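Please read the structure below before turning to the comments.
The values are calculated or read from the model by the stated rules, or taken from the named source; none is laboratory data. Everything numeric in this text was worked out from a predicted model, so none of it was measured. Glycine also receives a Cβ, built like all others from the backbone with ideal geometry; neighbour counts cover every protein chain displayed.
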Amino acid sequence: MRIVNTSKIDTKEIKKLIKAAKGSISTGGVEFHFKNSRRGYAGRCYWNGCSFSGVFNPLVVVRIQHSNKYPIKMNEDRKINWEKTEKQRLINSSQKLVFRKNRRPKYTVHNYKEMLVCLIAHELYHLHLHRRRKKQSEVGCENFAFKKLLEYREKHGEE
């Protein structure tokens, strides 16, 4: 794992957030680039690297606005045809979260740390699906990110 950090966030803090977000997904050989953003947040996963960045290993790029514009409601106001924006149903059965099929969870992110956990987890899950030759799923990635956010909150509390 290699981290290139040009954001305002401390690299030690980023390493902790990657650890919280990755779960059982291997980050060996993955390069992470963290950048500042003027408008909100974004993430991108390049499975085979990115030639214009000179990276030929898997690359995860995260852009985040380090501001006080939190809390942010996730998946509330998107107007995408294929997205069904119905509230997720959480069933707590034997410590597992079960979501309704084909539904993105709606949740609120309270600070930039929680946002980073969500973005990292989402992009790493894309990489995980690619490595296992599975169909890419935005819904699956959002559910994984939400699960990691809940684990992060349980461990660190809502800061």
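Some notes on this structure:
- All positions within the range 10-33 that are farther than 20 Å from Gln136 by Cβ and either hydroxyl-bearing (Ser, Thr, Tyr) or in contact with a helix residue (DSSP H, G or I) (Cβ under 6 Å, 6 or more places away or on another chain) (or both): Thr11, Leu17, Ile18, Ala20
- For the range 132-155, the set of residues classified as loosely packed, with under 15 Cβ neighbours inside 10 Å and free of Cβ contacts under 8 Å to residues at least 24 places away in the same chain consists of Arg132, Arg133, Lys134, Lys135, Gln136, Ser137, Glu154, listed by residue number.
- Within the range 1-10, considering residues that are in contact with a Ser or Thr (Cβ under 7 Å, 6 or more places away or on another chain) and either at pLDDT 95 or above or not in a loop (DSSP other than H, G, I, E, B) (or both), the one surrounded by the fewest Cβ atoms within 10 Å (Cβ to Cβ): Ile3
- In a residue-by-residue description of the range 119-130, the property of being over 20 Å from Leu17 (Cβ atoms), modelled with pLDDT of 90 or more and not in a loop (DSSP other than H, G, I, E, B) applies to at least one position.
- Listed by position, the strands (runs of 3 or more DSSP E) inside the range 11-108 whose residues that are hydrophobic (A, V, I, L, M, F, W, C) and either modelled with pLDDT of 75 or more or surrounded by 12 or more Cβ atoms within 10 Å (Cβ to Cβ) (or both) number at least 1 are 31-36, 41-46, 59-64, 72-74, 96-98.
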